Structures are given as C-alpha cells and as structure tokens.
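Engineer: Below is a structure I'd like to ask you about.
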Amino acid sequence: MSEVATEKISLQEIYDLAFDVFSKYGCNQDNATALSRIVHNAERDGSLSHGLFRVPGYVASLKSGKVKGEAEPNVKQNLPTIISVDGDYGFAPYALEVGLPVLAKAAEDSGIAILKISNSFHFAALWPETEFLAEKGLIGIACTAAKPMVAPAGAKKAFFGTNPLSFAWPRKESTPIVFDMATSTLAMGDVQIAARDGHAVPPGTGLGPDGNPSDDPQEIIKGVLLPFGGYKGSAISLMVELLSAGLTGDNFSYEAGTTDNNDGGPPKGGELIIAISPALVAGNEWSTHSEMFLKKLKNMEGVRIPGERRHKNRLDQGPRFINKAMLDKVKKLLE
Ligand code: NDP
C-alpha cells in the first residue's frame with residue numbers, strides 16, 4: 001500500500017476554499033454558503049467521500065451549465081403534511097435549507113410529514129438532512145436515487161444508483177442515532193478514493209467490465225457495484241428508487257442515466273424525506289423507553305452506535321489532514 005501525502009488545513013480554511021471555488025464558478029451567496037457548509041461539515045465529521053473530494057464534480061456541473069449556481073428553490077405546502085420543493089435545477093443543499101424547516105414544523109404540528117424535492121442535484125451525504133430533524137426532536141428518514149452504477153441482485157449490468165438511505169433518531173441527552181449508507185456495498189466515492197490511493201476494496205464489492213467479481217476499484221469503476229447483502233440490499237435499493245423517484249416524480253436512476261451529460265457531477269433527481277414526531281406518535285414515554293433499549297444495545301461487547309464516529313470527530317475543531325493531490329486539485333480551480 002502506497003503512503004498517501006496529506007496537507008494540514010483548518011476547518012475554516014476548508015469552508016473558505018469551498019466558498020471561493022463555488023462563488024468563482026457562478027454560485028450566488030445562498031448556494032455557495034449551503035454547499036460550503038456541506039463540504040466543511042463532511043470534512044469535520046470525516047465523511048471523506050462527500051467533502052472536498054466532491055468539489056471538482058460540483059464545479060464540473062456548474063461549468064457544463066447542467067446545474068444552476070443561482071437556483072432559487074420554491075417551497076409549496078400542498079397539504080398540511082406534504083411539502084414540495086422545486087430545486088430550480090440547483091444543488092440539493094440549498095433546496096434542503098429552504099425545505100427542511102417547513103417539514104419540521106409540519107411534523108411537529110401533525111405527527112408526520114413528507115418533503116419531496118425535485119429538479120435538484122444531490123452530490124452529498126444524507127445525514128445532514130436527517131440529523132437536522134433529529135436535532136429538533138424528530139425522527140428523520142431520507143433517500144435519493146442516482147444514476148446506474150449498481151447491478152440489481154442476479155444481474156451483471158448497472159440499473160440502480162448507489163441509492164443512499166439515512167435514518168436519524170433523536171435523543172434528549174445525547175447526539176442522535178444516525179445511519180447513512182449507500183445501498184451498494186460501497187459508495188462510488190469510496191471506490192474512487194480507493195482507486196486514487198491504490199487500495200483494494202473488499203471481495204464482493206463489485207464486478208469488473210467482464211462481469212466477473214473484482215476487488216480492484218479501477219475495474220469496478222469500469223464495471224458495476226453490487227448491492228449490499230445480495231437480494232436484501234437490492235430490495236432496499238428498489239424501495240429507494242420508488243420513494244425518491246416514483247413518489248417525487250423525478251428521475252429513476254435509469255432515467256437519469258439516459259439524460260445526464262456525464263460531466264462528472266451528480267445527475268438530476270428527487271429526494272424524499274420523512275419526518276416523524278415521536279412525542280406525538282408514541283406519547284411521553286418514547287424517550288425513556290427507547291433509551292433503555294439503546295443502553296442495552298450499547299453495553300453489548302463489540303457494538304458501536306451508528307453516527308458515533310462522526311459525532312466524535314466533530315468534537316475535534318483542529319485542522320484536518322487532507323489528501324494533498326486532491327487539495328491541490330481543488331485549489332487549482334481558483335487559478
Ligand atoms: P459507510 O458504510 O461508511 O457507513 C454507513 C453507516 O454505517 C454510517 O452511518 C456509519 O456510521 C455506520 N457504521 C459504519 N461502521 C459501523 C460499525 N462498525 N458499527 C455500527 N455502525 C457503523 O457508508 P457508505 O459508504 O455506505 O456511504 C457513505 C456516504 O455516501 C453516505 O453518507 C451516503 O449518504 C453517501 N452517498 C450519497 C449519494 C448521493 O447520491 N448523494 C449516493 C451514495 C452514497 P458513522 O457515520 O458513525 O461511521
């Protein structure tokens with residue numbers, strides 16, 4: 001395994017670098033702020049495949065004209081519990097900033113509410129949206145499709161996206177439980193990082209272009225990823241397609257695959273987010289009851305709670321050590 005060179009950079013510098021790049025390539029203040037916050041928070045938490053690593057892809061889509069840097073998302077509350085955001089062909093973070101507070105208020109009033117986002121481009125992790133809800137005492141569930149990169153169970157050709165699903169559960173006395181996972185064996189960003197850094201990926205991650213299993217990330221990028229857990233992960237990926245495209249009216253992954261300009265940025269698609277108020281659904285005991293369960297779970301030897309790694313990373317406000325080649329690539333965008 002080759003030694004990878006890194007450079008020390010503060011969290012504020014990460015934010016400023018991202019902001020300057022997004023502004024240079026046509027984002028207005030609101031969009032650049034929302035995107036830079038997402039990049040900063042990903043690096044702060046150690047979500048390395050969705051921080052600075054994504055900046056060149058965001059820029060590629062601004063440059064190609066596929067994504068609008070001055071998008072003005074439009075929120076509608078068609079029913080008290082159904083909120084739609086038309087993302088105006090911008091990146092998802094600003095559409096989320098606009099829609100999530102309305103979703104939270106609707107769930108607090110009615111017990112459950114749905115936010116559907118369309119005409120937007122998602123290139124980030126999903127935990128920021130579910131965690132936003134959990135920090136307000138709500139349960140959050142979010143999913144989005146992508147473009148074909150994953151072979152459904154039994155197939156050898158790509159049809160599903162990596163189709164992430166995130167869930168967050170609020171806790172009164174501590175950080176929320178949050179899982180956020182691609183429904184493929186690995187997120188494509190992690191395969192690309194492994195290819196960049198010369199690491200193999202675990203057996204079973206994907207197939208090469210010849211349709212044979214491979215642990216070589218370069219081969220998997222040319223071939224396909226597999227769903228996690230065989231037909232079970234494939235079923236969850238199918239659900240994500242139906243919720244985030246069937247229910248929002250935006251692209252299924254296969255539709256995004258036929259219309260995307262392959263500029264290296266994200267395809268156009270929808271996102272579905274569900275917010276539930278545990279207090280209104282379960283009553284006052286919801287927290288005490290679930291905390292007893294979580295305590296038992298956490299006390300089991302070997303168990304770690306999803307979200308814990310990021311929340312621990314977050315306590316460290318010091319500089320981050322960023323892959324130097326990648327950082328140079330992002331800085332070069334300012335020349
Ligand atoms: P990981 O496999 O790294 O992690 C998935 C989840 O499992 C995380 O919540 C993680 O928590 C938790 N976890 C990891 N290890 C353990 C463990 N030993 N015990 C308990 N929990 C554990 O994520 P993926 O590679 O699947 O996905 C990475 C990111 O890619 C996600 O944020 C996803 O949203 C994003 N993505 C975005 C797409 C898009 O189109 N926008 C497409 C596909 C993926 P923790 O955070 O604490 O480590």
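What follows is calculated from the coordinates using simple rules that are stated; it is not laboratory data. These figures come from a predicted structure and were not determined experimentally. Positions of Cβ are backbone-derived with ideal geometry, glycine not excepted, and every protein chain shown enters the neighbour counts.
Engineer: From zero up to wherever the largest Cα-Cα distance of the stretch 64-131 sits, split into 10 Å bins and tell me the percent of pairs in each.
Structural biologist: Bins of 10 Å from zero give 23, 50, 24, 3, 0 percent of pairs.
Engineer: Can you tell me what share of the DSSP beta bridges in the chain is antiparallel? A percent to the nearest 5 is fine.
Structural biologist: 85
Engineer: Keeping to pairs on different chains or 8 or more places apart, tell me how many lysine pairs in the stretch 267-332 have Cα atoms under 23 Å apart.
Structural biologist: So the count works out to 4.
Engineer: Okay, moving on. Exactly which GluC sites (Glu not before Pro) in the stretch 104-175 are in a DSSP loop and have at most 16 other Cβ atoms within 10 Å?
Structural biologist: On the way: sites: 108, 129, 131, 135, 173; in loops: 135, 173.
Here the GluC sites (Glu not before Pro) that fit, given the DSSP loop and packing criteria, are 135, 173.
Engineer: Just how many % of Cα pairs in the stretch 128-221 lie over 20 Å apart, if you round to the nearest whole percent?
Structural biologist: 47
Engineer: Sort out for me the Cα centre separation of the stretch 43-96 from the stretch 278-331, rounded to whole Å.
Structural biologist: Result: 24 Å between the Cα centres.
Engineer: Moving on to the next point. Expressed in nm to one decimal, what extension gain is obtained for the pair residue 282 and residue 259 from 0.36 nm per residue of sequence separation less their Cα-Cα distance?
Structural biologist: Value of the extension gain: 3.9 nm.
Engineer: Highest GNM mean-square fluctuation, the chain, Cα pairs closer than 10 Å: which of 65, 208, 87?
Structural biologist: Sorting by GNM fluctuation, first place goes to 65.
Engineer: When the Cα centres of the stretch 113-133 and the stretch 235-266 are compared, how far apart do they sit, in Å?
Structural biologist: Taking the Cα centre of the stretch 235-266 as reference, the centre of the stretch 113-133 is 14 Å away.
Engineer: What are the radius of gyration and Dmax of the chain, computed over its Cα atoms and given in Å?
Structural biologist: Final numbers for Rg and Dmax: 19.6, 57 Å.
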